[in-house]
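Scroll down for the structure; my scribbles are underneath it.
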Amino acid sequence: MTSAPVAPDAFMHLLYEVKDHVAVITLNRPERHNALNRRAYDEVRAAFLAASADNDVRCVVVTGADPAFCSGEDVKEMMTGEKPAAPALNVQARRPPTPAAMAALECSVPVIAAVNGAAVGWGMELALYADIRVASEKAKFAELFIRRGLICDVGGLLRLPAIVGPEMAARLLYTGDVITAEEAARIRLVSELTPHAELMPRAMALAGRIAANPPLALRYMKEGLRRAHGGDPVDVGGWAIDVIYRLFATEDHREGVRSFLEKREPMFTGR
């Protein structure tokens, strides 16, 4: 079962502020490049749920405390490679999708990702959950899951192909390559590339233009786009979590994590 959301005033790893109908969510673990531990995942979920439930909020801007947007899961805390083995896939007893992913995807108002630095692993997933991505020249993107012996979450499987096309999505997912902000703009992963100092002013100006529109129509517009997008994020996300738990139990996942922590090239064996 999913636990009750954390109240924004109890956040430890996020900042949450609403001003002029815009909610700003800032991942705030700069010493860890905003890597996510379990508490941070809970707070991401809670922040998007709070924005959805607040009739005063008409747009969300999500960003990170410099120098990163989000460097994915906190490897030292979460990706130890020692997860218990999961049972074989069973469609009738499928795990639920990642709660933080669903809260972001199902946010009832438009979401802008202001990508100020590295958005890798689940950090790239978080950027993909946004409706619009604006990137600093310092941004970089990578779906690193394949290098850890895992698959991506619902963002890479469902949102990335819709944004950059199936072939480019496959290339990014199969290689785990890191791409620059300029390359992200070229493949239309981001809609705007800005100097670093102008990122938040540009994102907030865009959010302000969105928030100036009628709030009921804005929420229905967001719902309409989500309905028209195609693909069921609950089904895709649940399948992804099933597979991720199976892969947690593999030697290749443990090797991917160990090699990252030991700063060496991995040796995968298919076990």
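The values are calculated or read from the model by the stated rules, or taken from the named source; none is laboratory data. Remember, predicted model here, so these are calculated numbers, not experimental data. Cβ atoms come from the backbone with ideal geometry, glycine included; neighbour counts cover every protein chain shown. Note: areas computed on protein heavy atoms with side chains; ligands, DNA, RNA excluded. Shrake-Rupley method; radii C 1.70, N 1.55, O 1.52, S 1.80 Å.
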Open item on the list: Just to confirm the number: angle between the C-alpha axis of helix 251-262 and the first principal axis of the chain, 0 to 90 degrees, nearest 10?
Closed with: 70 degrees
Task: D (Stokes-Einstein, µm²/s), Kirkwood Cα radius, region 124-231, 1.002 mPa s at 20 °C - done: 142 µm²/s
Task: Sequence of 76, 263, 222 from largest to smallest accessible area, 1.4 Å probe - done: 263, 76, 222
- [ ] Once you've got the GNM for the chain with C-alpha springs shorter than 10 Å, pick whichever of 109, 257, 120 has the biggest mean-square fluctuation.
- [x] 257
- [ ] May I ask for the percentage of alpha-carbon pairs in region 187-262 that lie more than 22 Å from each other?
- [x] 61 percent
Task: Between helix 199-211 and the chain: long-axis angle, C-alpha atoms, 0 to 90°, nearest 10 - done: 60 degrees
Task: Ordering of 203-213, 160-170, 24-34 by burial proxy (mean other Cβ atoms within 10 Å per residue, highest first) - done: 24-34, 203-213, 160-170
Task: On Cα atoms only, tilt of 38-53 relative to the major axis of the chain in degrees - done: 30 degrees
- [ ] Please give, to one decimal in nm, the separation of the simple spin-label points placed at residue 55 and residue 251, each 7 Å out from Cα toward the Cβ.
- [x] 6.0 nm
Open item on the list: Would you work out the Kirkwood radius for region 223-265? I mean one over the mean of 1/r across all pairs of different Cα atoms, in Å.
Closed with: 12.8 Å
TODO: Could you rank 140, 19 by how accessible they are, 1.4 Å probe, largest area first?
DONE: 19, 140
Task: Residues whose placed amide H lies under 5 Å from that of residue 35, excluding near-sequence neighbours - done: 71
TODO: Any chance you could list P(r) for the chain, counting all Cα-Cα pairs in 5 angstrom bins from zero, rounded to whole %?
DONE: 1, 6, 13, 18, 20, 19, 13, 7, 3, 1, 0, 0
Open item on the list: Which order do the peptides 62-68, 184-190 come out in when sorted by mean C-beta neighbours inside 10 angstrom, highest first?
Closed with: 62-68, 184-190
TODO: Tell me what the chain gives for mean residue ellipticity at 222 nm when only DSSP H runs of n ≥ 4 count, each as -39,500 (n - 2.57), the sum divided by the residue total, rounded to 500 deg cm²/dmol.
DONE: -12000 deg cm²/dmol
